[in-house]
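Please read the structure below before turning to the comments.
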Amino acid sequence: MTSERDDLVRAAFSPHATDEESRMHVARLAEYDAAHADPVAKPASAVEPASVAQPPGAVEPPPAVEQPPAGPRHRPRRRLRVTAVVVAVVAIAALAFIAGRQFENHAASEAAHRRTATQVALERESPIGAILARRRVSTDLPLGYESGATFPFPGDSYRLLYDAHPGAAATASRWRVWIGLGADDRQLCVSAAYDATRSLTSCLSSTQVYESTATVVSPLGAPPLAVQITRGAVTVNGSRVSP
């Protein structure tokens, strides 16, 4: 029984257990403690002594009042109270443990998403940062995107990175590549379009864009396109993009 209880305790407080698993094991531990509390047998009833014949005219003494034994009568209640206290302490400890883990996870998540002033400065000084900071013109709107906050995917944050034939008409087929914000400022999306039917979009974390290397290639059946981003610098089909 000790081994089984130890297993339940380890499972309830394991750092690898999820919050739901911890609660389940705490409940099973409480049930185990309640089921294995030592019951105390009720004291046996006192055996009445054999009646003794009284002489004629003698007054029969009143029957003896049975006195409950001192001590054992209170043991079951005491042990139940002890068991309840143990279960309550285990439950409180488990809840505190779960709350602590949730706080640590939340703090770690916030730290992972928080950008330092140094990171922001490096992003702004990079080629992509300079491109995103420039004033928007009509060619910065990706093909198929709309402008304005009322649209589900507004292209106002996007800037043109690459145009295979800058002097061609807007409807002429050629690769054009844009970059802009994704879901928030921790995500950037690369949007490329050859024509109205052949396009692609790839969203990357800001860490990938500014601190690592990422590559975006054209889909099968489309003319070749290779966009390589290395620590905020962009190369498209072998040509380095300048701000």
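In table form, for the structure just shown:
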| item | result |
| --- | --- |
| From the options Pro224, Pro219, Pro243, residue that is of a type outside the set (Gly, Ala, Ser), in contact with a strand residue (DSSP E or B) (Cβ under 7 Å, 6 or more places away or on another chain) and surrounded by fewer than 16 Cβ atoms within 10 Å (Cβ to Cβ) | Pro219 |
| Candidates Glu211, Glu125, filtered to the one that is closer than 21 Å to Gly238 by Cα and of a type in the set (D, E, K, R) | Glu211 |
| Thr207 vs. criteria in a helix (DSSP H, G or I) and at pLDDT below 95 | yes |
| Residue check for Gly167: assigned by TED's automatic domain parsing to the domain that holds Ser218, modelled with pLDDT under 95 and surrounded by 18 or more Cβ atoms within 10 Å (Cβ to Cβ) | no |
| Selection within region 223-239 - of a type in the set (Ser, Thr, Tyr) and under 34 Å from the mean Cα position of the chain (by Cα) | Thr230 |
| Scope region 137-154; condition farther than 17 Å from Asp195 by Cβ and either among the polar types (S, T, N, Q) or surrounded by 10 or more Cβ atoms within 10 Å (Cβ to Cβ) (or both); matching residues | Ser138, Asp140, Glu146, Ser147, Thr150, Phe151, Phe153, Pro154 |
| Helices (runs of 4 or more DSSP H) wholly inside region 68-149 containing at least 3 residues that are farther than 24 Å from Cys189 by Cβ and modelled with pLDDT under 70 | 75-113 |
| Count of residues meeting criterion [among the acidic types (Asp, Glu) and out of contact with any helix residue (DSSP H, G or I) (no Cβ under 9 Å at 6 or more places or on another chain)] in region 8-27 | 1 |
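Here is a yes/no grid of residues against (1) in contact with a strand residue (DSSP E or B) (Cβ under 7 Å, 6 or more places away or on another chain); (2) under 16 Å from Ala133 (Cα atoms):
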position: Ala169; (1), (2): no, no
position: Ala172; (1), (2): no, no
position: Ser191; (1), (2): yes, no
position: Thr197; (1), (2): no, no
position: Thr201; (1), (2): yes, no
position: Val209; (1), (2): yes, yes
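The values are calculated or read from the model by the stated rules, or taken from the named source; none is laboratory data. From a predicted model like this one, the values you see are computed outputs, not experimental measurements. Cβ atoms come from the backbone with ideal geometry, glycine included; neighbour counts cover every protein chain shown.
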